[in-house]
Amino acid sequence: NLRIHCIAFDPKSLYLAVGFTNGVVKILDANSLEELQSFKPMTPDCITNVVFSHDSQFFATSDSEGCVGLYRYTHRAQDPRKPVEWVFVGRHRSHQASITGLEFGVVPYGDAPRLMSLGEDKRLVEYNLVDSDIESGLRVRCAHKVTQGAIPTGFLWTHGQLLENKCMPRPKDGKTPSAIDVMVIATNEYKLKVHTTDMSRQCIKTVLGPTFGGPVSKMILVPQQPVASGAPPPKSRCFVYATHEKVVGLVKLPLDGNPRSGMGLLAHPLEISGMCVSYDGKYLFTAGGRDHSVAQWAINGDAIQTDDGRNVLEHFIDVIEGGREGAFMKEIIDYFYYAQIRAQGEETTKKRTIEGTIPFTQVSN
């Protein structure tokens, strides 16, 4: 009664990891699909996600009970005299709710792999891959609460530059902002939160996310398409996303929350079980669940035009109920001016100066 729930290629295209609904994990030869290894679960929990590290030395799984499992390509029983194969390191119940994201990354300005998971319990957990072994199992390095009220629905850890240079964390001497990896967390409030990957987990920007269909559940950065010698590089960079049901779309980079910088379309009649992008960034493949179908989509980031001749601020006003002349917009303006009055002192007799900004201390008011 084996039913496949998720699959993943390793970056070297040698192995295919397959997760089943009863918790079984199988390793197949990527070319012949011959079964090489099989791991039986301690508990029959559905494998919901499988991811490989960039160097193909690890792969990790998440299951429906909030547990994360780790596998390593090493000598059997850690004995150098025995053959090299995939070895089960350990399993850790890291979350008290469903896991919405499982991603490998690298250490800052280095090449060693790192592993993090994100759950609907609002916890972002990083694992200690260095000290995890067969005897001690999978160890947790640290855990952070990343949201207060919103529930995380999607997770992306990428080395690509998603923000403008001025919004990126300050790099080390001699490094560029593009050398810094960041995390993007999507929430059920249709927000995209960009965090640093260091121990502070600082949120460096929060923007409006796509509002087509439902909250974002999957995100993939589109690789830059290769160009011919002497040809100009592509104008637009983007990432693709999918909601839990029906909708896939594109978001143009850098992330700024502009409602016109994204688009969405109906890709499947029911839930979307998975998606991936071709290595050259030209195509998106999506898999449905109960519709038993796979769709191929051509990616054209240049088709998203944010400039319509108006001020960018007008794009944000368009999504406010009632528009510029609506009651809510007028209330926002009243509060904006009142916040400046409070900051300068309500009973002062000095000449008041109306500026385009308000102190951060007045945001909560």
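The values are calculated or read from the model by the stated rules, or taken from the named source; none is laboratory data. Keep in mind that this is a model prediction, so the values were computed, not measured. Glycine gets a Cβ as well: all are built from the backbone with ideal geometry, and neighbour counts include every protein chain shown. We work out accessible area using only protein heavy atoms, side chains counted, and drop any ligands, DNA or RNA first. Shrake-Rupley method; radii C 1.70, N 1.55, O 1.52, S 1.80 Å.
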- Note on the structure: Calc'd 3J(HN,Hα), the stretch 204-215, phi into Karplus 6.51 cos²θ - 1.76 cosθ + 1.60 (θ = phi - 60°), Hz, glycine/Pro = x, comes to 9, 6, 10, 10, 5, x, x, 10, 8, x, x, x
- Give the long-range amide H neighbours of Arg114: residues separated by 5 or more places, or on another chain, with amide H under 5 Å away, using H modelled in the peptide plane at 1.01 Å from N. Gly105, Val106, Val107
- Report the full-extension gain for the segment Val107 to Asn165: residue separation times 0.36 nm, less the Cα-Cα distance, to one decimal in nm. 18.8 nm
- Query: Which label belongs to the value computed from this structure, given these candidates for semi-axes √(5λ) of the Cα gyration tensor in Å: (1) 41, 24, 21; (2) 38, 29, 24; (3) 36, 26, 22?
  - Reply: (1)
- Message: Using a 1.4 Å probe on the protein heavy atoms only, what accessible surface does His144 show? Give it in Å² to the nearest 10.
- Response: 50 Å²
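Considering only protein heavy atoms, what per residue accessible area in square angstrom results for the chain with a 1.4 angstrom probe? Walk me through the numbers on the way to the answer.
Working: 20100 Å² over 365 residues.
Per-residue accessible area for the chain comes out at 55 Å².
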- Would you mind calculating the relative contact order of the chain from Cα pairs under 8 angstrom and at least 6 residues apart, reporting the percent as a whole number? 7 percent
- Note on the structure: As straight-line cross-link partners of Lys246, the qualifying aspartates and glutamates (C-alpha separation under 18 Å, not fewer than 8 residues apart within one chain) are Glu271, Asp291
- Zone reached by a paramagnetic label modelled 7 Å from Gln96 Cα along Cα→Cβ, restricted to the stretch 53-70 with backbone N below 15 Å, covers 66-67
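Say the cut-off is 30 Å between C-alpha atoms; which of Lys330/Lys350; Lys12/Lys122; Lys145/Lys330; Lys166/Lys218 go over it?
Details: Lys330/Lys350 26 Å; Lys12/Lys122 33 Å; Lys145/Lys330 35 Å; Lys166/Lys218 27 Å.
Where the Cα-Cα span goes over 30 Å, the pairs concerned are Lys12/Lys122; Lys145/Lys330.
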- Task: Note the angle between two axes, namely the Cα long axis of helix 327-344 and the longest principal axis of the Cα atoms of the chain, as a number of degrees from 0 to 90, rounded to the nearest 10.
- Result: 80 degrees
- Task: Please list the non-local residues whose amide H lies under 5 Å from the amide H of Tyr15, H modeled 1.01 Å from N, same-chain partners needing a gap of 5 or more.
- Result: Asp10, Ala30
- Item | Förster radius 35 Å - calculated FRET efficiency between Ile320 and Thr353, Cβ distance, rounded to 0.05 | 0.85
- Using a Förster distance of 56 Å, the FRET efficiency for Glu34-Tyr190 (Cβ separation, nearest 0.05): 0.80
- Item | Estimated distance in nm for a label pair at Lys12 and Glu135, the labels positioned 7 Å out from Cα along Cα-to-Cβ | 2.7 nm
- the stretch 114-218: C-alpha gyration tensor shape, a/c 1.5 cut-off, then a/b vs b/c: oblate
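Would you work out what percent of the accessible area of the chain, with all protein chains in place, is carbon or sulfur (probe 1.4 Å)? Each step should come with its number before you reach the end.
Numbers: 10460 of 20100 Å².
In the chain, the share of accessible area belonging to carbon and sulfur is 52 percent.
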- Query: Taking θ as phi - 60°, what are the ³J(HN,Hα) couplings along the stretch 298-305 by the Karplus curve (6.51, -1.76, 1.60), each to the nearest whole Hz, with x for Gly and Pro?
  - Reply: 7, 9, 9, x, 5, 6, 7, 10
- Amide H neighbours of Glu245 at under 5 Å, excluding residues fewer than 5 places away on the same chain, with H built from the backbone geometry, are Ile272
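Taking a ≥ b ≥ c as the square roots of the Cα gyration tensor eigenvalues, with a/c under 1.5 meaning rounded and otherwise prolate when a/b beats b/c, else oblate, which class fits the stretch 240-365? List each step's numbers first, then the result.
Values: a/c = 3.27, a/b = 2.79, b/c = 1.17.
Prolate, because a/c is 1.5 or more and a/b exceeds b/c.
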- Task: Using a 10 Å cut-off on Cβ atoms, rank the peptides 180-188, 123-131, 286-294 from the highest mean neighbour count down.
- Result: 180-188, 123-131, 286-294
